[in-house]
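Notes to accompany the following structure.
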């Protein structure tokens, strides 16, 4: 008998019915309750359409029209991992933790598979995620198989941790929904370098959700390099709760995938906390990238900085939506947001929607947006000094992106981002 | 007061009124039965002796409206409006006014005094019966107001002057009779009847408004204002304005009044359409100061307006300037569709919300033609429990090579109970276009206040001074006589917000 593979929301719900007995936590009532509630929410909401304001510029039909199956992880010989970027590395293949590929010895704190630790995560898993508001998070909650679990104890400097997400080559489109939980206790620190990639000839959906809790004075640098395969989809959501005096420093580089949505919900929950959200989107023909940030200033004396840059070539489309919400208690808020786009092609399109919603009076908030082509005067200046046109363009694009990357203070993270950008540009110029 | 009660009051005052004017023919019944259905639309059209095509047009709009949903996306809150529980045609609208200034709300008179309005004018603005019947006794009077309240002959002489240049300036119902070909050619071409919920409603039941046509190459010799128009004393609930500037024509049009007007319609759903052909320029200035409701947020006008301009011609230009201080809820986005190559759109706005006022306002600049440019300067001031939202769209179509936009949105917060929001949308599909957006939000700096106080200004005057400075870029775009009063108006609107 042939198995019918359903597409769209229906397909995932169908899969949930078939898989529920095998998903991790099937014997834990609270996990079952979470999954059931999420399934009900996803059944009601379905995949968001462009009629939903938050999805005005991103059409999910390429995802919702496709039929995805469970990933059949067959690792070929071609899974060659480059040297780790730091002391430790956690590797996930098709959303599942692979101990034999990971290097996590002597971390001095808990790093590992979420699925293995699930019985101890009641109250922590799902503490920040909002499946009722974000349908894709409901999808993740319904079907999560595994994820990275990190807890850095109070006062511990966690060093650099690399999170690698790989996708195996497959004939049939597959989907996976990892749930990553990161917690830094008071005064702890960590640099998390996340890199996601996949084969160029496989259709897949990577739908990760992060729940990040930063206790008093904790510092997390979170560098994300998205280099999914050109047929892949990544729809990721990050939730971060930042307590007093803590700092969350996120940089997201979108360079791969046919369609990517990078959604970040950060809450500055304690006084004097800080959030930096920076990013770059490098888009080629046929790609669509959407960065959507929602920053809640929910406590006084907090600061936030956002700089997002998008470079578009070919027939690509870039989207930036950024909302800063300043609650009434959040006096003396200092908020800044800038998003800029550089169009290298007449067929590219950029849509930008920065948004301020302010209910406190003693605030300094500003946002800016610019959209345009490479400056002709600047090009001329470089050409006049004997620099060939290609080289001149590359210098200007690099300078454009540099402003966003500069904000990343952690050197390992910055080096990783810089090399990823350089790699993209080399290919682009070729 | 809820919409229904207020409308009933209006109708009652109309039916009991002794003064009938404005229509040349005697009419048996001067209001349509309550409710909104096809018969209401037919009634209005018949009352206005409209041609068949216009009735058809209205009926089509009505059919469209019935299928539409009231929009819920603006950041404003108000109780649901029952469209069936209201009168849609009540003419002529004359209220039972106070008999003398002694009966007028002293708060209103205080405001007039601060605006420096002479007693005679105060009486007229407050709607004192018989106050507008005799010519004014001279003295300083702003041009716009002068013309309203002066004798019929003055207005007629203006009309003669305009007619000499071939300018048509009349009520839209008059234009339907006198210039049907122009109305038919342009009506609903900028704001189609099905454009949005309120535009559809307006298209079905509009009863009044202005019509302006400036012929080729004519520069209108004076600022046109609704108040020049002799039969425009009471503005309708569903106004429809259509302004056409033919090739090379230039016109400046003023709407509104700096003094608070007595107006008892709660829902205003106007439509304004502007058409600029090759090399034409239209400047449209609005000062809106309708009743904002009391300090507790009771009553006040709902101002849901669709204003749009089409720069159809090459090198045409449309400039919107608005000072929005009144209304309980303001919801409007004066927009420019820049079709002609090298056409220019401008939007300058000051919006103040105090007490419980809510404003969701901004603009849309749609760039279609080559080298089109647009400028947006928006200043929002929130005080008391006011909520102020800038919502704007800049869209560059693939055809708009070399398009240019600059947007600046600044918000000022006075007090910790108010809100200021900015929601710009930028959509660019042309690589040679350049779009820039800047927005800031802040409060009045302590050191600025201290500096002013130290020089002997009261706190209220100091705030007024700072706010005027904050709004300067916009106020300077207003015609002179408006600008002076608008400055005072800003200060009055913010009264009680400090200290």
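Quick notes
- Among (1) surrounded by fewer than 22 Cβ atoms within 10 Å (Cβ to Cβ); (2) modelled with pLDDT of 95 or more, the one test that residue B:449 misses: (2)
- Subset of the stretch A:132-154 that is in a loop (DSSP other than H, G, I, E, B) and free of Cβ contacts under 8 Å to residues at least 60 places away in the same chain - its residue that is farthest from the chain's Cα centre (by Cα): A:153
- Which numbered condition residue B:396 misses (of (1) within 9 Å of chain A (Cβ to nearest Cβ); (2) modelled with pLDDT under 95): (2)
- Hey, residue B:287 in contact with a helix residue (DSSP H, G or I) (Cβ under 9 Å, 6 or more places away or on another chain), assigned by TED's automatic domain parsing to the domain that holds residue B:409, modelled with pLDDT under 90 and assigned to a strand (DSSP E or B) or not: yes
- Matching residues, the stretch B:159-189, being within 11 Å of residue B:221 (Cα to Cα) and either crowded, with 18+ Cβ neighbours inside 10 Å or in contact with a helix residue (DSSP H, G or I) (Cβ under 6 Å, 6 or more places away or on another chain) (or both): B:162, B:167
- Out of B:478, B:489, B:457, sole residue that is outside any helix (DSSP H, G or I), at pLDDT below 90, more than 9 Å from chain A (Cβ to nearest Cβ) and in contact with a helix residue (DSSP H, G or I) (Cβ under 8 Å, 6 or more places away or on another chain): B:478
- Only one entry in A:301, A:290, A:362 is within 18 Å of residue A:268 (Cβ to Cβ) and at pLDDT 95 or above, namely A:301.
- Of the listed requirements (1) more than 7 Å from chain A (Cβ to nearest Cβ); (2) surrounded by 20 or more Cβ atoms within 10 Å (Cβ to Cβ); (3) over 20 Å from residue B:337 (Cβ atoms); (4) over 26 Å from the mean Cα position of the chain (by Cα), residue B:410 misses just one: (4).
- Qualifying position, being within 29 Å of residue B:70 (Cα to Cα) and in the same structural domain as residue B:421 (by TED's automatic domain parsing), among B:371, B:308: B:308
- Filtered by the rule that a residue be over 22 Å from residue A:226 (Cβ atoms), surrounded by fewer than 22 Cβ atoms within 10 Å (Cβ to Cβ) and touching a helix residue (DSSP H, G or I) at 6+ places or on another chain (Cβ under 7 Å), the stretch A:131-167 gives a lone residue, A:132.
- Selection of the stretch A:331-362 for residues being more than 25 Å from the chain's Cα centre (by Cα), surrounded by fewer than 24 Cβ atoms within 10 Å (Cβ to Cβ) and either more than 7 Å from chain B (Cβ to nearest Cβ) or part of a strand (DSSP E or B) (or both) yields A:331, A:332, A:347.
- A single entry from A:175, A:257, A:266, A:240 fulfils the requirement of being in a strand (DSSP E or B), over 10 Å from the mean Cα position of the chain (by Cα) and modelled with pLDDT under 95: A:175.
- Among the residues of the stretch B:314-328, the one identified as surrounded by fewer than 24 Cβ atoms within 10 Å (Cβ to Cβ) and in contact (Cβ under 8 Å) with a residue 60 or more places away in the chain is B:319.
- Test: residue A:374 is modelled with pLDDT under 95, under 30 Å from residue A:288 (Cα atoms) and touching a helix residue (DSSP H, G or I) at 6+ places or on another chain (Cβ under 6 Å): yes
- Close Cβ contacts (under 6 Å, 6 or more residues apart or on different chains) running from residues in the stretch B:145-174 that are modelled with pLDDT of 80 or more to residues that are assigned to a helix (DSSP H, G or I) and crowded, with 17+ Cβ neighbours inside 10 Å comprise B:169/B:162.
- Taken as a whole, the stretch A:155-165 holds no residue that is in contact (Cβ under 8 Å) with a residue 60 or more places away in the chain, in a loop (DSSP other than H, G, I, E, B) and either over 12 Å from residue A:178 (Cβ atoms) or in contact with a strand residue (DSSP E or B) (Cβ under 8 Å, 6 or more places away or on another chain) (or both).
- For the stretch A:303-310, the criterion of being surrounded by fewer than 24 Cβ atoms within 10 Å (Cβ to Cβ) and within 11 Å of chain B (Cβ to nearest Cβ) is satisfied by no residue at all.
- From B:462, B:483, residue being outside any loop (DSSP other than H, G, I, E, B) and either surrounded by fewer than 15 Cβ atoms within 10 Å (Cβ to Cβ) or free of Cβ contacts under 8 Å to residues at least 12 places away in the same chain (or both): B:483
The values are calculated or read from the model by the stated rules, or taken from the named source; none is laboratory data. Just so we're clear, the structure is a prediction, and the values are computed from it rather than from any experiment. Glycine also receives a Cβ, built like all others from the backbone with ideal geometry; neighbour counts cover every protein chain displayed.
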